[in-house]
Amino acid sequence: MDGSLSSASRGLQLAPTLARRGSPLASGAAQLARLGAAALSDSLGGDFDAHLERVGLAPLRASGVEVLQLNLGKVCNQTCAHCHVDAGPERTESMSRETAELAMRVLATTAIATVDITGGAPELNPNFEWLVREARRLGRHVMHRCNLTVIAAPAFAHLPSFFAEQRVEVVCSLPHYRALNTDRQRGEGVFERSIAALKTLNALGYGVEGSGLKLVLVTNPVGAFLPAGQASAQAEWKRELARLHGVVFNELYAITNMPISRYLEWLDSGALLERYLQLLVDSFNPAAARGVMCRTMLSVGWDGRLYDCDFNQMLELELGEHGGGEHGDERALPRHLREFDLAALESRRIRTARHCFGCTAGAGSSCGGATT
């Protein structure tokens, strides 16, 4: 572990990743097989595409590319219990400078308005600040997904000021506004460091009305249930974080835990998988399905490979064989940034499986929170 990563991880409770433990669920194919084998009492056999067909949404297709999401790798200073990336300090997957430069060259050929930077902890990638600057130089809106504890470390103390200078939208993960629930999911000490980081961001104007510096919090359930209603949860969180800690923010995104990777392992170990999947299937919402993020987003892996979304990326579900053209004609889809073809990608058919019920249950769930 290099010095900056060690500094960011110090004092946090770290568990070994699925990959380090040699778990079968470290494989995307094994995860998909486990989900597919779950016994569900559903008239459509728990078939996601059949549910789409029933409401006139099959086959699911993209409706453009408004967001280019860059996953900079699986290196992280935390090993959260629910992590769909199976990220951690011992992971080595990290976007190279060559791939980062390719991503920006591709971006420059398009009118894609938003760059969404994620990980792992993307700050630990040596190209992170360069990517932010380049995307902003190209006039794009930049969203940065931050776990908060990494910017509380001395090696990254300059980043909040950097975010403000670049007018970056900061989207921060915080499972709950109380320490017990957050530390249960993310490890002892995470909540305290997260609050300290939020106060630093507030001091720079983030989350403060009229500053133009947008601060978003992201919450996900600690157990095997759907998130609370986003609007009511946001009002509660704003009240309680201000009262308990003097912290302010702009919006709260309430997202559903996706039944993959470490969360899948947790469900399976507690004999909760079938019950949770059944809940997702029974809560299928056609309105949420119409607004799923994959219809307007393209996900780029740390190695430059292309995916419909970050979840498909972690399951190693590459883009489908074909995409629909303007008149319904089929064309081969690019699989890597080197082959980028926006016209082919804008109306591509999206690859789906049972995990997709996680994005279409209840009020829906996406990188931008509820979809309805």
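Some points to look at:
- Here region 3-360 yields Rg over Rh of 0.95, to two decimals, using C-alpha coordinates and the Kirkwood radius.
- Residues Glu251, Glu236 arranged by fewest to most Cβ contacts within 10 Å: Glu236, Glu251
- When the chain is described by a simple charge dipole with +1 on each Lys and Arg Cβ and -1 on each Asp and Glu Cβ, the residue from Val247, Leu273, Ala344 located farthest towards its positive end is Val247.
- GluC sites (Glu not before Pro) restricted to region 93-193 and DSSP loop, no more than 13 other C-beta within 10 Å: Glu188
- In this simple spin-label model, placing a label point 7 Å from the Cα along the Cα-to-Cβ direction at both His245 and Lys199 gives a separation of 1.0 nm.
- Computed over the chain, the per-residue total of -39500 (n - 2.57) for DSSP H runs of n ≥ 4 gives a 222 nm mean residue ellipticity of -10000 deg cm²/dmol, rounded to 500.
- Taking Cβ atoms as reference points and 10 Å as the exclusive limit, the residues near Val171 contribute a net charge of -1, counting Lys and Arg as +1 and Asp and Glu as -1.
- Working from label points 7 Å from Cα in the Cα-to-Cβ sense, the Asp49 to Glu90 distance is 3.8 nm.
- Distance between the modelled labels on Arg167 and Arg338, one decimal in nanometres: 3.6 nm (7 Å Cα→Cβ projection).
- Charge dipole magnitude, Cβ of K and R +1, D and E -1 - region 3-360, Cα centre, debye nearest 20: 760 debye
- Efficiency of FRET from Cβ geometry, Leu138 and Val208, R₀ 35 Å, rounded to 0.05: 0.80
- Over region 3-360, relative contact order from alpha-carbon pairs under 8 Å, at least 6 apart, %: 23 percent
- Listed values for region 302-313 are Karplus-derived 3J(HN,Hα) couplings in whole Hz (6.51 cos²θ - 1.76 cosθ + 1.60, θ = phi - 60°), namely 4, 9, x, 6, 9, 9, 6, 7, 5, 5, 4, 4, and x replaces Gly and Pro.
- Efficiency of FRET from Cβ geometry, Arg184 and Arg10, R₀ 22 Å, rounded to 0.05: 0.60
- Within region 353-372, backbone nitrogen closer than 18 Å to the virtual label 7 Å beyond the Cα of Ala58 toward Cβ: 353-361
No lab work stands behind these numbers, since they all come straight from the coordinates. Values in this document were obtained by computation on a predicted structure and should not be read as measured data. In this analysis, Cβ positions are derived from the backbone assuming ideal geometry, glycine residues included, and neighbour counts consider all displayed protein chains.
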